[in-house]
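Chemist: For reference, the structure I am asking about is given below.
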Amino acid sequence: MEYDFPCCVLVTGATGLLGTAVMEKLAGLTHPIPVSRGAPPDGLRGDLLEVETWERIRAADWDAAVHCAAIRSPERCEENRDVAYRLNVEAAARMAECAAARNAWMVHISTDYVFDGERPPYGEEDATAPVNFYGETKREAEQEVLSRCRTATVLRIPALYGDPPAPSPLLEEGMAAASAGTECFLDDTIVRYPTHTGDVADVVAFLLRRRFAGFVHASAQRAATRYEWARLIGEIMGWNTSHLRRSIGRPDRLVPRPRDTHLKVDRLRQLGGPVPRDCNERLIETLGKRFADGGTGGPFRKRRP
């Protein structure tokens with residue numbers, strides 16, 4: 001069953017990678033209200049760690065919310081656990097309370113990092129077991145949201161890439177490696193499922209209309225290690241990637257990552273929602289847009305069939 005689309009949708013983290021795509025999608029469907037430190041004058045400018053921002057949120061006129069705001073870097077979370085906990089957990093709990101107080105629907109953005117990556121693929125009801133503090137905060141946030149707001153969807157997503165103007169670290173890192181020209185060693189152990197922010201925004205819009213309470217997974221299904229990701233970018237761009245080298249074994253990082261957090265999308269399909277497209281298809285469009293008008297330089301050609 002589908003409901004009328006909400007009249008006003010609050011979007012936290014509205015100037016981030018995903019938030020930018022969600023704002024763009026919702027602009028054609030309803031009145032989105034951006035919340036972020038860099039929000040435009042017609043939005044709610046402020047920091048979710050400040051009491052004044054929450055006062056503005058409670059006073060604003062909205063009937064649904066998409067909570068994108070979070071610290072997503074495992075390193076940043078580990079380096080400053082207090083701030084990460086306050087933003088990833090406490091802010092999510094407050095957002096859920098605000099939504100519940102006005103009986104508003106809420107879509108809370110979570111992550112595949114709530115799983116340990118040892119027994120993929122993962123369905124919505126599989127046991128969580130995060131391997132780093134970032135994953136721990138996101139798992140606790142899920143619990144807080146669902147316990148405080150009965151009208152909430154928890155949307156788990158994997159590694160994201162997207163279009164400008166928002167920075168897209170996954171894409172930028174892959175492009176930098178693919179175009180380096182000098183020998184470059186990249187991890188070929190940890191598997192990710194790069195997913196375009198525009199496709200996730202489509203899922204968010206669907207869920208705001210569908211209003212399914214509980215967990216939903218949204219992910220592209222094509223796997224790619226960092227090595228495979230850079231190779232794919234190079235192939236699409238027509239660059240010579242013979243300088244890329246596989247690094248086998250767990251990456252030398254201070255913060256551990258799960259090995260393979262493949263998310264099943266059966267529930268999304270059953271609900272009739274749009275399943276994100278695989279990166280080999282979506283990436284051609286993304287790079288084409290970036291270089292169509294000169295971009296940041298470099299050739300572009302579509303990948304040969």
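The values are calculated or read from the model by the stated rules, or taken from the named source; none is laboratory data. Here the structure is a predicted model, which is why all the values come from computation and not from measurement. Neighbour counts run over all protein chains shown; Cβ positions are idealised from the backbone, glycine included.
Chemist: Give me the pairs: first residue in the range 207-232 and of a type in the set (D, E, K, R), second residue in a helix (DSSP H, G or I) and buried (at least 18 other Cβ atoms within 10 Å of the Cβ), beta-carbon distance under 7 Å, and six or more apart or on different chains, which are they?
Modeler: Arg222/Cys279
Chemist: Report whether or not Val203 is under 30 Å from Asp63 (Cβ atoms), assigned to a helix (DSSP H, G or I) and hydrophobic (A, V, I, L, M, F, W, C).
Modeler: Working: under 30 Å from Asp63 (Cβ atoms): yes; assigned to a helix (DSSP H, G or I): yes; hydrophobic (A, V, I, L, M, F, W, C): yes.
Taking the combined requirement at face value, the residue satisfies it.
Chemist: Being surrounded by fewer than 22 Cβ atoms within 10 Å (Cβ to Cβ) and at pLDDT 95 or above is the requirement here; does Cys98 meet it? Write out each step before concluding.
Modeler: Details: surrounded by fewer than 22 Cβ atoms within 10 Å (Cβ to Cβ): yes; at pLDDT 95 or above: yes.
Considered against the rule, which asks whether it is surrounded by fewer than 22 Cβ atoms within 10 Å (Cβ to Cβ) and at pLDDT 95 or above, Cys98 comes out as yes.
Chemist: Another one. Gly174 versus (1) surrounded by fewer than 18 Cβ atoms within 10 Å (Cβ to Cβ); (2) farther than 30 Å from Ala64 by Cβ; (3) without any contact (Cβ under 8 Å) to a residue 60 or more places away in the chain; (4) of a type in the set (Gly, Ala, Ser): which is the lone unmet condition?
Modeler: Status for Gly174: all satisfied but (1).
Chemist: Right, here's the next one. Show me the helices (runs of 4 or more DSSP H) entirely contained within the range 47-137 in which 3 or more residues are hydrophobic (A, V, I, L, M, F, W, C) and closer than 24 Å to Leu208 by Cβ. Outline the logic, then answer.
Modeler: Details: elements: 51-59, 74-79, 81-85, 91-101.
The qualifying helices (runs of 4 or more DSSP H) are 51-59, 91-101.
Chemist: Please go through the range 153-190 and give me each residue that is assigned to a strand (DSSP E or B) and over 25 Å from Gly288 (Cα atoms), ordered by number.
Modeler: So in the range 153-190, the residues assigned to a strand (DSSP E or B) come out as 153-157, 160-161, 184-187.
Scanning the range 153-190 gives Thr153, Val154, Leu155, Arg156, Phe185, Asp187.
Chemist: Looking at Ala99, Ala69, Ala64, which is the one that is farther than 17 Å from Ser36 by Cβ and free of Cβ contacts under 8 Å to residues at least 60 places away in the same chain?
Modeler: Step by step, each of Ala99, Ala69, Ala64 is checked, and only Ala99 is farther than 17 Å from Ser36 by Cβ and free of Cβ contacts under 8 Å to residues at least 60 places away in the same chain.
Chemist: Does Gly19 satisfy being among the small types (Gly, Ala, Ser), buried (at least 20 other Cβ atoms within 10 Å of the Cβ), modelled with pLDDT of 95 or more and at positive phi?
Modeler: Details: among the small types (Gly, Ala, Ser): yes; buried (at least 20 other Cβ atoms within 10 Å of the Cβ): yes; modelled with pLDDT of 95 or more: yes; at positive phi: no.
Against the criterion (among the small types (Gly, Ala, Ser), buried (at least 20 other Cβ atoms within 10 Å of the Cβ), modelled with pLDDT of 95 or more and at positive phi), Gly19 does not qualify.
Chemist: Only residues that are part of a loop (DSSP other than H, G, I, E, B), within 23 Å of Val154 (Cβ to Cβ) and of a type in the set (D, E, K, R): list them for the range 207-258, please.
Modeler: First pass over the range 207-258, keeping only residues part of a loop (DSSP other than H, G, I, E, B): 211-213, 218-223, 225, 238-243, 248-258.
Imposing the further condition that a residue be within 23 Å of Val154 (Cβ to Cβ) reduces the set to 211-213, 218-221, 257-258.
Selection gives Arg211, Arg257.
Chemist: Check Ala152 against each of (1) over 19 Å from the mean Cα position of the chain (by Cα); (2) under 24 Å from Val203 (Cα atoms); (3) small (Gly, Ala, Ser) and name the one condition it does not meet.
Modeler: The number of the failed condition is (1).
Chemist: Kindly provide the set of residues from the range 112-160 that are closer than 27 Å to Leu283 by Cα and among the hydrophobic types (A, V, I, L, M, F, W, C), ordered by number.
Modeler: Scanning the range 112-160 gives Val114, Phe115, Val154, Leu155, Ile157, Ala159, Leu160.
Chemist: Take the conditions over 30 Å from Asn103 (Cα atoms) and among the β-branched types (Val, Ile, Thr) and apply them to Thr137. Does it pass? Spell out how you get there, then give the answer.
Modeler: Working: over 30 Å from Asn103 (Cα atoms): no; among the β-branched types (Val, Ile, Thr): yes.
The answer is no for Thr137.
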